[in-house]
Amino acid sequence: MQPLRSGRSPLTPGSRAGLGAALALLAIVSAAELADGRPVHYVALMVATPFLAGALASWRVVLGVGALATLTGAGFALAEREMSLVTAVNVAGIALATAIAGAVAAVRQRQDEQIAELSKLAAVAQQAVLRPLGPQVGSLAVAGRYISSTATAEIGGDLYEAMDTPYGVRMIIGDVRGKGLDAVRLASIVLGSYRHVAHERADLRAVVTDLDRAVARNVGDEDFVTAALVEERGGTLTIVNCGHPPPLLLRRGAVIPLEPPAPAPPLGFMPVVRPRVERLEPGDRLLLFTDGLGEARRDGEFFPTADRAWRLLGHGTVADGLASLETALVEWVHGRLDDDIALVLMEYTGSRSAVTAAVPSWEVGAAEA
C-alpha cells in the first residue's frame, strides 16, 4: 500500500531563500519594537518584508509573508493605548505592499516558467540536431560535447557527427554563421546532407562539393558554414578544411595543429580543398572544435588551448577529457562565454582488421578520376 501524497510541491531554493530573508527581517523589526516599548516606532519597516520575499520567492510565499507581517503590525498597533493615524496608515501600507509584491512575484514567476520551458525546447531541438556520439565508432573512441554560451541554453549553429561508413570512420564539425532557429535549420540541413553523402562518396572532396551545394541552396549571400571533415581508414587520417579552426593532434605529450596544405573558404563559397594526410599511432587523440573555444578569453587573454590540451585531454577516457576541458574553460572565462562551443575528441585504438585498406580518400578519388 503506497503512502498518501500531500500534493504540495517542496519550496524551490529561491522561495526558501526569500522566505528566510523576509522572516529574519520581520523577526528583527519585531524584536526592536518589543525592546522599544510603546508607542509603536518600527512597524513601518515591515513593509519591506513582502518585497524582500518577492525578489526570489513564489507569489504564494510572498502573500503568506505579507499576511504575517500585516497581522504582526496590526498586533503592535492594537497594543497601543490609543492607535495613532500614522500607525494605522503603516499597517495599511504593509497590506498594500503585500498585494503589490505578490502581483510582481506572480509576473516574475510566470516569466521564469516560460524561460524554463523555452530552455527545455531549445535543448530538445539541439539534441534532435546533434545526436549523441560514441563511445566507440569503428576503431575510434569518440565523445562529443556542446557548451552553450547562455544560461537559457540559446540554440546555436554548431554541429558535429561521427559515423562508420564503407570508407572508414568519418567525422564532421562545423559552425553556422549566426544563431537561433535559422542557424539550427541550416545546421540540420548540413548534417542531413552529410549523413547521406558520407556513405555514398569515396572522396572527401566530393563530400565537400555536395555539402557546399546544399548550403548554397539554403542560405543568403552572406551566410556560410565553416567545417572540417575527417576520415580515418586503416590508421590513415585524412582531413579537409573549409575555413574552420584546424584540429589538434595529441601524440606522446605533444600538441600538433593540423593546418590544411592550403586555405579554403567556408561551405557556401565553393571551396576547393586540399587534403592533409597523417599516419595515426595507437593512442593518438584528435580534438575537433568550433571557434568559440579559440575566442574564449578573460581580460583580453585567450584560453591557452594548445598549451593545456595534453594535460586536460591526454588522460582518462575521451569523455573525461572533454569534461576536464569544459571545466577549465568555464573557470578561465569566469562562466561567461561569448559563443557556443562544439567539441569532439577521438582516440585511435588501432586498426580493426586488414580488410579495410589503408588508403586515404583523396587517393581513391584520384584513382577513380
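What is the sum of charges around Trp59, taking Lys and Arg as +1, Asp and Glu as -1, for the other residues whose C-beta is under 11 Å from the C-beta of Trp59?
Value of the local net charge: +3.
Which value in nm describes the separation of the simple spin-label points at Ala206 and Asp299, placed 7 Å from the Cα toward the beta carbon?
With each label point 7 Å from Cα toward Cβ, the separation is 5.4 nm.
How far is helix 13-36 tilted off the main Cα axis of the chain, in degrees rounded to 10, range 0 to 90?
For 13-36 against the chain, the angle is about 20 degrees.
On a 0 to 90° scale, report how tilted helix 318-332 is relative to the longest principal axis of the chain, with both axes built from alpha carbons and the result rounded to the nearest 10.
Long axis of 318-332 versus the principal axis of the chain: about 50 degrees.
Order these peptides, 192-200, 160-168, 225-233, by their mean beta-carbon neighbour count within 10 angstrom, highest first.
Top of the packing list down: 225-233, 160-168, 192-200.
With a 10 Å radius around each residue's Cβ, average the other Cβ atoms per peptide and rank 136-148, 250-262, 43-55, 15-27, highest first.
So the order, starting with the most tightly packed, is 43-55, 136-148, 15-27, 250-262.
Out of these labelled values of percent of Cα pairs over 30 Å apart, [x] 38; [y] 61; [z] 54, which was calculated from the coordinates shown here?
Given [x] 38; [y] 61; [z] 54, the structure-derived one carries the label [z].
Set the Förster distance to 30 Å, then compute FRET efficiency between Arg311 and Gln136 from the Cβ-Cβ distance, nearest 0.05.
Efficiency for this residue pair is about 0.75.
Which loop-located GluC sites (Glu not before Pro) does region 36-145 contain, where loop means any DSSP state but H, G, I, E or B and the Cβ has at most 15 other Cβ atoms within 10 Å?
Glu80, Glu82
Cα axis of helix 85-129 to longest principal axis of the chain: angle in degrees, 0 to 90, nearest 10?
Once rounded, the angle reads 10 degrees.
Where a number appears in this text, it was derived from the coordinates with a stated rule and is not lab data. Given the structure is predicted, the values throughout are model-derived calculations rather than measurements. Methodologically, a virtual Cβ is constructed for each residue, glycine included, from the backbone with ideal geometry; neighbour enumeration extends over all protein chains shown.
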